[in-house]
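The values are calculated or read from the model by the stated rules, or taken from the named source; none is laboratory data. Treat the numbers as computed from the prediction; the structure is a model and nothing was measured. In this analysis, Cβ positions are derived from the backbone assuming ideal geometry, glycine residues included, and neighbour counts consider all displayed protein chains.
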Amino acid sequence: MAILFHLFGGIDKKCRVMRFSELERAIPAISQKMLIQQLRELERDGIVLRTIYPQIPPRVEYQLTKVGIALRPALRALLAWAALRKEAMPRLHSNFSPEMFYVPEGKLPSSA
């Protein structure tokens with residue numbers, strides 16, 4: 001999700017082409033291995049286009065495909081939901097009780 005956020009342009013909302021090292025700096029909480037794995041999955045799913053330039057050292061850039069760009073409204077909606085959820089968290093946590101989810105053994109509804 002963070003990868004898409006940055007390729008969508010982050011705060012300024014302009015889709016961009018980013019080098020691997022730029023993504024690495026933009027998302028410091030992710031390991032290099034995990035970033036590579038996620039970028040490969042996004043590429044395999046047709047969401048991200050990977051361009052390799054044959055130079056020394058090799059340059060690799062990532063950008064969104066048309067399919068990836070089409071995800072923008074869904075990502076915006078998810079970010080808006082997350083912001084509302086974050087505001088509601090203290091209230092939700094103050095009302096939380098683990099007993100709310102307790103079902104005595106043998107009392108689970110049967111699946112018919």
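Residues being of a type in the set (Gly, Ala, Ser) and not in a helix (DSSP H, G or I): count how many of those fall in segment 43-86. Before the answer, list the steps.
Start the filter on segment 43-86 by keeping residues that are of a type in the set (Gly, Ala, Ser), which leaves 46, 68, 70, 74, 77, 80, 82-83.
Cutting the leftovers down to not in a helix (DSSP H, G or I) gives us 46, 70.
Within segment 43-86, residues that are of a type in the set (Gly, Ala, Ser) and not in a helix (DSSP H, G or I) number 2.
Being of a type outside the set (Gly, Ala, Ser), touching a strand residue (DSSP E or B) at 6+ places or on another chain (Cβ under 7 Å) and exposed (fewer than 13 other Cβ atoms within 10 Å of the Cβ): is that true of Thr65 here? Taking the combined requirement at face value, the residue does not satisfy it.
Condition check ((1) part of a helix (DSSP H, G or I); (2) closer than 18 Å to Pro73 by Cβ) across all residues:
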site	(1), (2)
Leu4	yes, yes
Gly9	no, yes
Lys14	no, yes
Arg25	yes, no
Ile30	no, no
Ile36	yes, no
Arg40	yes, no
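Considering segment 37-59 alone, what residues qualify as being among the β-branched types (Val, Ile, Thr) and surrounded by fewer than 15 Cβ atoms within 10 Å (Cβ to Cβ)? Of everything in segment 37-59, those that are among the β-branched types (Val, Ile, Thr) and surrounded by fewer than 15 Cβ atoms within 10 Å (Cβ to Cβ) turn out to be Thr51, Ile52, Ile56. For segment 57-112, a residue qualifies if it is farther than 22 Å from Arg40 by Cβ, at pLDDT 65 or above and in contact with a helix residue (DSSP H, G or I) (Cβ under 9 Å, 6 or more places away or on another chain), and the qualifying residues are Leu79, Arg85. Residue pairs, Cβ under 8 Å, 6 or more apart or interchain, first in segment 54-68 and more than 13 Å from Leu4 (Cα to Cα), second surrounded by fewer than 16 Cβ atoms within 10 Å (Cβ to Cβ) and aliphatic (A, V, I, L, M). List them. Final answer for the pair search is Pro58/Ile52; Arg59/Ile52; Val60/Ile52; Glu61/Val17.
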